[in-house]
Amino acid sequence: MTKTLQTYFPFSILLMVFFLAACIKDKAKPTPEIAPLTGCDTVTFSKYIKPIVDTKCAISGCHVGTPGIPDYRTYAVFKDRAEAGRVKIRAIDANATPMPADTKNALTDQQKQLIICWISNGYRE
């Protein structure tokens, strides 16, 4: 190795480790609590949630039968994931790896409120 490379190589490695460690410790800030809509008892999967899922989640390359990714085209699978807390963690709280992954296709506050209503009122079909 050249003298310059011997001098800067350890520093470069240390700098890379520092940046990687910073990224690992970086956590998404939780989304502020969204107050549920009034009249949540009318929010059903088929009328309100399925249209959101179809345009934000069950899209090409995501939750449409892609191997290793839950298929959200059915009520049963989406309900199971919601009951397990995965929908709230990923779509509402947006921790670690928020969904949808494409920020241009992010859920609106109203869509989040509808999902919260649906969860809060027993996952009505």
> Any idea which residue in segment 90-120 is surrounded by the most Cβ atoms within 10 Å (Cβ to Cβ), counting only those that are of a type in the set (Gly, Ala, Ser) and at pLDDT below 75?
Replying inline: Ala94
>> Return the residues of segment 41-54 that are surrounded by 13 or more Cβ atoms within 10 Å (Cβ to Cβ) and touching a helix residue (DSSP H, G or I) at 6+ places or on another chain (Cβ under 8 Å); say none if nothing qualifies.
In response: Val43, Thr44, Phe45, Tyr48, Ile49, Lys50, Ile52, Val53
> If Ala76 satisfies every condition in (1) of a type in the set (A, V, I, L, M, F, W, C); (2) at pLDDT below 80; (3) over 17 Å from Lys112 (Cβ atoms) but one, which is the exception?
Replying inline: (2)
> Taking into account only those residues within segment 55-69 that are free of Cβ contacts under 8 Å to residues at least 40 places away in the same chain and surrounded by 16 or more Cβ atoms within 10 Å (Cβ to Cβ), which is farthest from Trp118 (Cα to Cα)?
Replying inline: Cys62
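The values are calculated or read from the model by the stated rules, or taken from the named source; none is laboratory data. What you are looking at is a predicted structure, and each value in this text was computed from that prediction instead of being measured. Note: ideal-geometry Cβ built from the backbone for every residue, glycine included; neighbour counts use all protein chains shown.
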